[in-house]
Amino acid sequence: MESHVLANQKAASAYNAAAELFDHPANTFWNRFGQGTIERLDLREGDKVLDVCSGTGASALPAARKVGSDGRVVAVDLAEKLLARAAEKAKADGLENMEFRVDDMLALVYPDGYFDAVVCVFGIFFVPDMAAAVRELWRQVRPGGRIAITTWGGDLFEPANTSLWQAIRDERPDLHKDFNPWDRISTPEGFLAMLAEAGLTDANVFAEDATHSLSDPEDWWTLAMGSGYRGTLDQLNEEQLRRVKQSNLHHLASQSVTEISANVLYAVVEKPLI
């Protein structure tokens, strides 16, 4: 298993490269599921919220609106380019209750119980020891507060995902992946088991079967270049990348693919009062 430092470096590099397309209209799922996470968290005005793996603010911005001017949201991400976009959005929306930190979510060292809520959307699986990461985030939740962790369900972005990886394998077999980090927690049972390992035994997991629409195959390529796939795609040379795109999009067009799976699992856990 790779080290936490190496995992951080890979994630930061991939998402900084993807930043230019992260908020493209083809990638509306970030905001959709970020908002969906906050809706399940029952935030109140005046709450202090820690939002890690914030990206461009898909969950941090709605959290800031929810807690109001008396509340506070700390948005943390390793990718400074994504976080800069989040800060621009906050300024445009007149949100003055936000702080942005380019940092490792496991090195924040806030006091025990400092936050009313901690949020992590599509990020916990980037940490090699997910249970340890959850324990560190849970430590910072006050008694009576809540943690919300959102991850991908099964069959993510199919059938486009498998087609993409097959095209990559044809060009660079060494880059092909049979396993993604979120696969370890892509079922309710696996998710609950990881949370239990972290000591969160009273978790509620909600499975949402969802799809993401594609107006044409190019939407899928925009998604791929504006997401974590970018870390792999940037390792291809120009000609290899052209052939991967051509093969991938030809397959989607031949199958008349107009939507891909985007199944999601939400976990919300309340910390017992002492």
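The values are calculated or read from the model by the stated rules, or taken from the named source; none is laboratory data. Predicted, not measured: the structure shown is a model, and the values here were computed from it. Note that each Cβ is placed from the backbone with ideal geometry, even for glycine, and that neighbours are counted across all protein chains shown. Side chains included, ligands, DNA and RNA excluded: accessible areas come from the protein's heavy atoms. Shrake-Rupley method; radii C 1.70, N 1.55, O 1.52, S 1.80 Å.
For this structure, a couple of remarks:
- With a threshold of 26 Å on the Cα-Cα distance, the over-threshold entries among Lys10/Lys245; Lys81/Lys271; Lys48/Lys89 are Lys81/Lys271.
- Calculated FRET efficiency for the pair Ser256/Val5, C-beta based, R₀ 51 Å, to 0.05: 0.70
- A 1.4 Å probe run over the protein chains yields, for the range 186-274, 50 Å² of accessible area per residue, whole-number rounding.
- If the Kirkwood radius is taken over C-alpha pairs of the range 21-154, then at 25 °C and 0.890 mPa s the Stokes-Einstein diffusion coefficient equals 168 µm²/s.
- Accessible area (Å², per residue) of the range 4-163, counting only protein heavy atoms and a probe of 1.4 Å: 39 Å²
- Over the chain: Kirkwood hydrodynamic radius from C-alpha pairwise inverse distances, Å: 19.1 Å
- The chain, relative contact order [Cα under 8 Å, separation at least 6], %: 24 percent
- Helix-only [θ]222 nm of the chain, DSSP H runs n ≥ 4, -39500 (n - 2.57) each, per residue, nearest 500: -12500 deg cm²/dmol
- Computed on the Cα atoms alone, the convex hull of the range 8-51 gives a volume of 109 cubic angstrom per residue.
- Normalised by residue count, the range 99-159 yields a Cα convex hull volume of 113 Å³ per residue.
- Cα shape, the range 119-231, gyration tensor, a/c 1.5 rule: prolate
- Shape call, the range 137-186: gyration tensor on alpha carbons, a/c limit 1.5: prolate
- Between Glu238 and Ala92, the contour length at 0.36 nm per residue exceeds the alpha carbon distance by 48.9 nm.
- Label zone (Ala107, point 7 Å along Cα-to-C-beta; backbone nitrogen cut-off 19 Å) within the range 40-65: 51-55.
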